Amino acid sequence: MLLEDLQIILKVAEFRSITAAAANLDMRTATASAAVKRVENALGLELFIRTTRHLRLSSAGERYIPQCEQALLMLDQAKQNMKDGLDIVDGELRIALSSDLGRNFVQPWLDEFMDVYPQLSVRANISDSNVDFYRDAVDMALRYGSPTDANVYGFKICDVPRVLCATKAYLAQHGTPSVPNDLTQHNALLYQLHDVIQDVWEFSADGVKHKVKLTGNRASNDGDMVRRWCTAGHGLAVKSSLDMSQDLLSGKVESVMPAFKATPTELWLVCPSRQSITPAVRLLRDAFREKTAAILEQLADKGVI
């Protein structure tokens with residue numbers, strides 16, 4: 001009985017669908033179906049009860065699947081323990097990345113990392129949506145914000161100040177705001193998260209918090225799109241200082257209202273389980289910390305943060 005077939009069986013049990021399991025595993029439905037038949041033939045039992053519309057576990061499947069899952073976890077852990085002891089860095093890195101940071105920074109970082117460890121391959125999932133480790137084919141996620149799920153394991157990469165920024169051309173045409181209430185007279189470039197427009201911006205100065213509700217003619221659920229609008233001079237944006245670092249350091253945009261600090265965030269590398277923290281993950285964590293620290297140091301030296 002092939003281990004690959006057992007892994008397909010577990011996916012079919014998880015999704016209650018051979019088609020959905022095949023899509024998740026990036027294979028043809030016929031291939032997944034053949035794997036199910038091979039395992040059932042080897043056991044001499046039907047693991048699934050199939051109808052024209054539904055698939056569910058049989059009583060034999062209900063007994064077999066949990067034990068199969070536990071056995072595969074033990075085998076994976078044994079394999080990982082061997083790699084940890086030998087410091088082997090290989091295999092596939094399936095990582096979820098936010099749109100702006102992923103495209104403009106992490107992509108070249110990953111290229112450098114793979115030059116050092118050529119036995120690695122990378123599959124990048126680029127999206128600002130929250131990753132679901134139980135549904136999405138990813139092993140780790142580099143994300144802004146502290147993890148809220150107690151079941152995941154994470155490494156804090158760095159603290160990330162946010163900055164209010166705009167181009168000099170926009171400010172020359174529309175004026176430079178000096179206090180948060182001035183922003184109501186400006187065009188805000190808004191970020192959309194979970195179908196909710198983030199149109200209330202919060203700042204702090206001398207221990208006092210200031211909230212202001214904004215309006216704008218552009219909004220997107222893609223952070224890179226918001227950055228592009230900002231650098232094109234279409235309005236003001238509150239963005240991660242990492243995302244905007246190249247534009248801030250080059251003078252393409254400038255920090256606005258520096259006395260009023262936008263609410264900061266954090267950058268985390270998150271994994272679904274302790275078993276998924278491989279030598280490659282730890283090395284990648286260290287590389288991310290080194291890269292982001294260098295960028296934040298440049299921004300601090302220039303007085304941006």
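Can you work out the accessible area per residue across region 157-272, with the rest of the protein chains kept in place, probe 1.4 Å, in square angstrom?
47 Å²
Kindly give the semi-axes, whole Å and largest first, of the ellipsoid equivalent to region 85-139, taking each as the square root of 5 times a Cα gyration tensor eigenvalue.
Those come to 21, 16, 7 Å.
Report, in deg cm²/dmol and to the nearest 500, the calculated mean residue ellipticity at 222 nm for the chain, where each DSSP H run with n ≥ 4 adds -39500 (n - 2.57) and the sum is divided by the residue count.
Dividing the helical sum by the residues of the chain leaves -12500 deg cm²/dmol.
Round to the nearest 10 and give me the degree value, 0 to 90, for the angle of helix 3-15's Cα axis relative to the longest principal axis of the chain.
The angle comes out near 60 degrees.
Multiplying the sequence separation of Leu283 and Ala219 by 0.36 nm and subtracting their Cα-Cα distance, what value in nm do you get?
Contour length minus Cα-Cα distance gives 19.4 nm.
If we sort 243-249, 17-23 on the protection proxy, mean other Cβ atoms within 10 Å, highest first, what's the order?
243-249, 17-23
Place a point 7 Å from the Cα of Arg16 along the Cα-to-Cβ direction; which residues of region 128-165 have their backbone N under 19 Å from it?
Label zone hits: 134-136.
Lys/Arg Cβ at +1, Asp/Glu Cβ at -1, dipole of the chain taken about the Cα centre: which of Ala237, Thr184, Leu269 is farthest positive-ward?
Highest projection toward the positive end goes to Thr184.
Multiply the residue gap between Thr263 and Gln246 by 0.36 nm, knock off their C-alpha separation, and tell me the result in nm, one decimal place.
4.1 nm
Using the alpha carbon gyration tensor of the chain, what are the three equivalent-ellipsoid semi-axes (square root of 5 times each eigenvalue), largest first, in whole Å?
So the three semi-axes of the chain are 46, 22, 16 Å.
What are the lysines whose alpha-carbon lies under 22 Å from the alpha-carbon of Lys291, with same-chain residues fewer than 8 places away excluded?
Lys156, Lys239, Lys252, Lys302
Counting C-alpha atoms alone, how compact is region 200-305: give Rg to one decimal and Dmax as a whole number, in angstrom.
16.6, 46
Compute the convex hull volume of the Cα atoms of region 126-261, divide it by the residue count, and report the result per residue in Å³ as a whole number.
131 Å³
Find how much the distance from His54 to Asp111 grows on full extension, using 0.36 nm per residue of separation minus their present alpha carbon separation; answer in nm with one decimal.
My answer for the length gained is 16.2 nm.
Once R0 is set to 35 Å, what does the formula 1/(1 + (r/R0)^6) return for the Cβ-Cβ distance between Glu290 and Val200, expressed as a FRET efficiency to the nearest 0.05?
That pair, Glu290 with Val200, gives E of 0.50.
Is the C-alpha gyration tensor of region 170-221 telling us rounded, prolate or oblate? Criteria: a/c under 1.5 is rounded; beyond that, a/b larger than b/c is prolate, otherwise oblate.
The shape class here is oblate.
Just to be sure I understand the model, the point goes 7 Å from the Cα along the line to the Cβ. What's the resulting Arg38 to Val208 distance in nm?
Those two pseudo-labels are separated by 7.1 nm.
The values are calculated or read from the model by the stated rules, or taken from the named source; none is laboratory data. Since we're looking at a predicted model, the values are computed, not measured. Every residue, glycine among them, receives a Cβ derived from its backbone with ideal geometry; neighbour counts consider all protein chains shown. The area values use the complete protein model at the heavy-atom level, side chains included, leaving out ligands, DNA and RNA. Shrake-Rupley method; radii C 1.70, N 1.55, O 1.52, S 1.80 Å.
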